[in-house]
1. Could you list, ordered by first residue, the pairs with Cβ atoms under 6 Å in which the first is in segment A:175-193 and surrounded by fewer than 18 Cβ atoms within 10 Å (Cβ to Cβ) and the second is aliphatic (A, V, I, L, M) and assigned to a strand (DSSP E or B), at least 6 apart or interchain?
2. Would you say A:L63 is in contact with a strand residue (DSSP E or B) (Cβ under 6 Å, 6 or more places away or on another chain) and not assigned by TED's automatic domain parsing to the domain that holds A:I171?
3. Among the residues of segment B:60-83, is there at least one that is within 18 Å of B:R17 (Cβ to Cβ) and more than 16 Å from the chain's Cα centre (by Cα)?
4. Give me the pairs, please: first residue somewhere in segment A:84-100 and closer than 17 Å to A:H12 by Cα, second residue anywhere and surrounded by fewer than 19 Cβ atoms within 10 Å (Cβ to Cβ) and of a type in the set (V, I, T), beta-carbon distance under 9 Å, and either six or more positions apart or on two chains.
5. Among (1) touching a strand residue (DSSP E or B) at 6+ places or on another chain (Cβ under 8 Å); (2) part of a loop (DSSP other than H, G, I, E, B), which single condition is B:G69 missing?
6. Just a yes or no: is a residue in segment A:36-59 away from chain B (no Cβ under 11 Å), surrounded by 22 or more Cβ atoms within 10 Å (Cβ to Cβ) and among the small types (G, A, S)?
7. Among all residue pairs at least 6 apart or on different chains, which show Cβ distances below 7 Å where the first residue, located in segment A:161-174, is more than 19 Å from A:G198 (Cβ to Cβ) and the second is in a loop (DSSP other than H, G, I, E, B) and modelled with pLDDT of 90 or more?
8. Identify all residues within segment A:1-28 that are facing another protein chain (nearest Cβ under 10 Å) and surrounded by fewer than 19 Cβ atoms within 10 Å (Cβ to Cβ); write none if there are none.
Amino acid sequence: MLAAAREALVHHGVLGPSEELPPFFAKFGGNLVLGMLVYPNSGEFYVVKVAVQSGLDREYRGLSAAYAAMPRNASRPLGLTHHRSFPVLVSSGIRHKPLIPLHGRGSVQSFESGIKAFLATSVRAFRTLPGEGASSGLSEALEHASTLTPWPDWHAYLERIAPEVAILPRIPQHGDLSVNNIGVAGGQLIFFDWEDFGFVDLPGFDLAVLLLSLNDFDVRRLVVRLRTPSLERRLMQNGCVSLGMTTDLLLLLFPAYLSLFAQMKDMLGYGPEVARRAIAALTRWLSTEHAPDSRSAQRSAFAAH
Amino acid sequence: MSHSPDFTRDRRGWFYRALAPDASCDVLEVGDAFASNWFSNVVRRDLAEAAAHGSSPFDMVLLHQSLGGCTTLKSAIDAAHRLLRPGGILVVAGENRLVSARRGARSIARAPRATGWGLRALMSGAGFERVVLYAVYPDAVSPVHVVQADRPSSREFFHAAFRTRRRSRWSPVRLALAALTELNLMPYLQPNFVIVGKKC
């Protein structure tokens, strides 16, 4: 894999043909992808991903779309090539700071405006891309979730959201917009890890994942935060404006988002633990006042604020 | 022993596969058994015994937290050198002597134990070239990160790692860690490492 990474860097002109692989650090991801940050002498650095089993086409497509739509917020893809039977994706690195912890009012405001801009850009720039269709996968995801979550209203829920989903535009989602995949550089948010791009194209999915990850997938905590004036509540309200949907609809679709998240992580080989976490969050969500069968109570709770 | 590689069953040993030229190379595995998840031609045998009785040359020898029956780290490295083909790779996953002394009982008995500098010198002295030291996290068995000890990569890694910790700007610990990072001492102060060398 290191030899494949070196050959890809030579292919993209980062290294000369006889140069050794520069110093790097590496991590082996849950999706069986070797992720490396490589530091040649030039002072720049490069992100190299080598996939063991899956392809990297989806990530390359996502990163290319992101860089075309928001070049200041995504790293520049150099290309996807194959070496020694491994697909290798090379992109330029961006020096950044982690998003969390958010320090001070300015930092929070910049985060909020960055997310709002990201969502607005994704609606404008991604909706024309050929997605793989969430509407077709949604019923399978809900069916899968129904086998894991004891909730009697799954069928009624699908019937209830189907007409709402049908009129939503299809917008390929980042797929894993958790706080770990967002950095800060030069006052701008940088969005990383596009490997799940387009697996889901149901609008609001990225916002839901972000809200959950801000609370470490603790649904009870998120529910409290959404009910009171908070960062999460503002993100939800502003995000829904960017997405052109109501907060009621976003909350109604939360079980669908969690079902899709669990199915996606399961199918993309992230291991059972990640999917289990999503299903646990889903089960929790269905036990709160935000469960879709208690919508009237939910509306009144949110209207009170 | 020959198995089809299984990438998903057990992810331990991923860095050994990353280092290898391909999955079908001949591997001698010493220590915990998980190389067969990644390689199709794995032999598990005591290192001292294989060196004493002769064995087909290997493309790769993995000393995973074990000296393989040898009494010293130097003799283990020498034995591995004899068992490798020219151009073959020796990988040693061991403990940092500077840190393992403090960890006491948590150290693994008979694990390769040396300082990063000492191990580098041993490898070079035994006839290995392109010797590269890596610090591993959180441990050598299932590292999440592998960091090449050279300055550009280790400096970036450790600065990034410390940025995520909540410490005041002028905290003595923070300043000390920043200084150790700038001096590129951090990889040499980690409890576990992997060192890799190529037989000339």
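1. That search, which allows pairs on different chains as well, returns nothing.
2. Spelling it out, A:L63 is indeed in contact with a strand residue (DSSP E or B) (Cβ under 6 Å, 6 or more places away or on another chain) and not assigned by TED's automatic domain parsing to the domain that holds A:I171.
3. No, that holds for no residue.
4. So the pair list comes out as A:P87/A:T81; A:V88/A:T81; A:L89/A:T81; A:V90/A:T81.
5. The number of the failed condition is (1).
6. For segment A:36-59, residues away from chain B (no Cβ under 11 Å), surrounded by 22 or more Cβ atoms within 10 Å (Cβ to Cβ) and among the small types (G, A, S): absent.
7. Sorted first by the residue in segment A:161-174, then by its partner, the pairs are A:I161/A:L253.
8. Within segment A:1-28, A:A3, A:E20, A:K27 meet the criteria.
The values are calculated or read from the model by the stated rules, or taken from the named source; none is laboratory data. What you see is a predicted model, and the numbers here were worked out from it, not measured in a lab. Here Cβ is always computed from backbone atoms with ideal geometry, including for glycine, and neighbour counts include all displayed protein chains.
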